[in-house]
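What follows is a set of notes on a single structure, which appears directly below.
The values are calculated or read from the model by the stated rules, or taken from the named source; none is laboratory data. Given the structure is predicted, the values throughout are model-derived calculations rather than measurements. Glycine gets a Cβ as well: all are built from the backbone with ideal geometry, and neighbour counts include every protein chain shown. For accessibility, only protein heavy atoms count, side chains too; no ligands or nucleic acids. Shrake-Rupley method; radii C 1.70, N 1.55, O 1.52, S 1.80 Å.
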Amino acid sequence: MSIVEVLRGMRWRGKVNEYIESKLRVGELIHLSLIDPAKVHDLRTLSEIGRRLSAAGTDAFLVGGSIGVSESDVDSVVTTLEEFNKPVILFPGNVNGLSRMADAVLFMSLLNSDDPYFIIGAQIIGAPIIKKYGLEPLPTAYIVVGYGGTAGFIGKARPLPLEKPEIGIAYALAAEYLGMKYIYLEGGSGSPEPITPQYVKYVRSSTSKSYIMVGGGIRRAEDVTKIADAGAHIIVTGNIIESDLGRAEELVKTVKRSKL
Ligand code: 1GP
């Protein structure tokens, strides 16, 4: 056991997937709070944010971003969030988004990228690092839909058109048949509107084994309710945490009041 693991007490490592699935099994929707290390300027403020989101009931923290992220920034953010006793899961835009301090990592392939680097290139560079750090990999299909945002631009995605859900279904089925446990429908951080509930519903109803994650542009409680009713298993909110923390807490509570 490394000194880092001893210090962290190895509370969550290897148990994050089971933690999520155990909640889903009893009909709980999962809420993930996304923190972008590039936007964190003050760790004391981050600690207060973490405390409030944790008290509101968020299930885990996602840490990552597409641009301006350094491994040492990720380390500081992860270490600050550890005190809330919730899993800290990396959401890497590239290999620089990995940190030995985290519990798990969304091991993602950006399936609708035009660049093989984002489908399997970064993954083969990152996989040995994940093994060395002892992070728990959560196999995730990352599918950029609609607006796409910075993740779509940097990842050279061809965002799927919202008016053609059959394409999203085809991607989601391919992901499920490839054994990917999580399917992240990404509308793009800061998207003017979230992915439509209808789109989520089509994808959810055509898959049976994978868990559907939805994020991007979720700012209103009614968005959460509609996306939850459409069948999402996991809801991610990010930007709202910086722009209106009170609203972010409300969204967490709305997710946690919803039933699968
Ligand atoms: C971005 O889906 C996440 O990757 C969250 O999006 O920042 O718009 O909440 P927002």
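Using the beta-carbon distance between Ile125 and Arg158 and R0 = 22 Å, what value does 1/(1 + (r/R0)^6) give for FRET efficiency, to the nearest 0.05?
0.45
Sum -39500 (n - 2.57) across every DSSP H segment of at least 4 residues in the chain, then divide by the residue count to get the 222 nm mean residue ellipticity, nearest 500.
Result for the chain: -12500 deg cm²/dmol, rounded to the nearest 500.
Check Leu29: other-chain or 5+ apart residues with amide H under 5 Å from its amide H, H built from backbone geometry?
Residues meeting the amide H criterion: Leu260.
Among Thr237, Asn85, Ala248, pick out the residue whose Cα is farthest towards the positive end of the charge dipole of the stretch 3-257, where Lys and Arg carry +1 and Asp and Glu carry -1 on C-beta, about the Cα centre.
Of Thr237, Asn85, Ala248, it is Asn85.
Roughly how many percent of the accessible protein surface of the chain is carbon and sulfur, given a 1.4 Å probe and a whole-percent answer?
Carbon with sulfur: 57 percent of the solvent-accessible area.
What is the magnitude of the charge dipole of the stretch 48-112 about its Cα centre, with +1 placed on the Cβ of each Lys and Arg, -1 on the Cβ of each Asp and Glu, and no other charges, expressed in debye to the nearest 20?
Using only the charged Cβ atoms, the result is roughly 140 debye.
Using DSSP, restrict attention to beta bridges with both residues in the stretch 3-257 and report what percent are antiparallel, rounded to the nearest 5.
So the antiparallel bridges amount to about 5 percent of the total.
Calculate the spin-label point distance for Val95 paired with Asp244, positioning each point 7 Å from the Cα along the beta-carbon direction, and give it in nanometres.
4.1 nm
Longer than 32 Å from Cα to Cα, which of Lys132/Lys256; Lys86/Lys226; Lys23/Lys156; Lys39/Lys164 are they? Say none if no pair is.
In this structure, Lys132/Lys256; Lys23/Lys156; Lys39/Lys164 lie more than 32 Å apart at Cα.
Could you do me a favour and compute the accessible area per residue for the chain, 1.4 Å probe, result in Å²?
Counting only protein heavy atoms, the per-residue value for the chain is 43 Å².
Can you bin the chain into rounded, prolate or oblate? Criterion: square roots of the alpha carbon gyration tensor eigenvalues sorted a ≥ b ≥ c, rounded for a/c under 1.5, prolate for a/b above b/c, oblate for the rest.
Since a/c stays below 1.5, the shape of the chain is classed as rounded.
Where a ≥ b ≥ c are the square roots of the eigenvalues of the C-alpha gyration tensor, would you call the stretch 71-201 rounded, which needs a/c under 1.5, or, failing that, prolate if a/b is larger than b/c, or oblate?
Verdict is prolate for the stretch 71-201.
I'd like to know which of Gly97, Gly148, Val224 lies farthest towards the positive end of the charge dipole of the chain, counting +1 on Cβ of Lys and Arg and -1 on Cβ of Asp and Glu.
Farthest along the dipole direction, towards plus: Val224.
Hey, got a sec? Which trypsin sites (Lys or Arg not before Pro) in the stretch 167-260 land in a DSSP loop and have at most 11 other Cβ atoms within 10 Å?
Passing both the DSSP loop test and the Cβ count: Lys209.
Any idea how far apart Arg257 and Leu24 come out in nm if each label point goes 7 Å out from Cα toward Cβ?
Using points 7 Å along Cα→Cβ, the separation is 2.5 nm.
Quick one: putting +1 on the C-beta of Lys and Arg, -1 on the C-beta of Asp and Glu, what dipole do you get for the chain around its Cα centre, in Debye to the nearest 20?
Roughly 580 debye, rounded to the nearest 20.
Taking a ≥ b ≥ c as the square roots of the Cα gyration tensor eigenvalues, with a/c under 1.5 meaning rounded and otherwise prolate when a/b beats b/c, else oblate, which class fits the stretch 157-232?
Verdict is prolate for the stretch 157-232.
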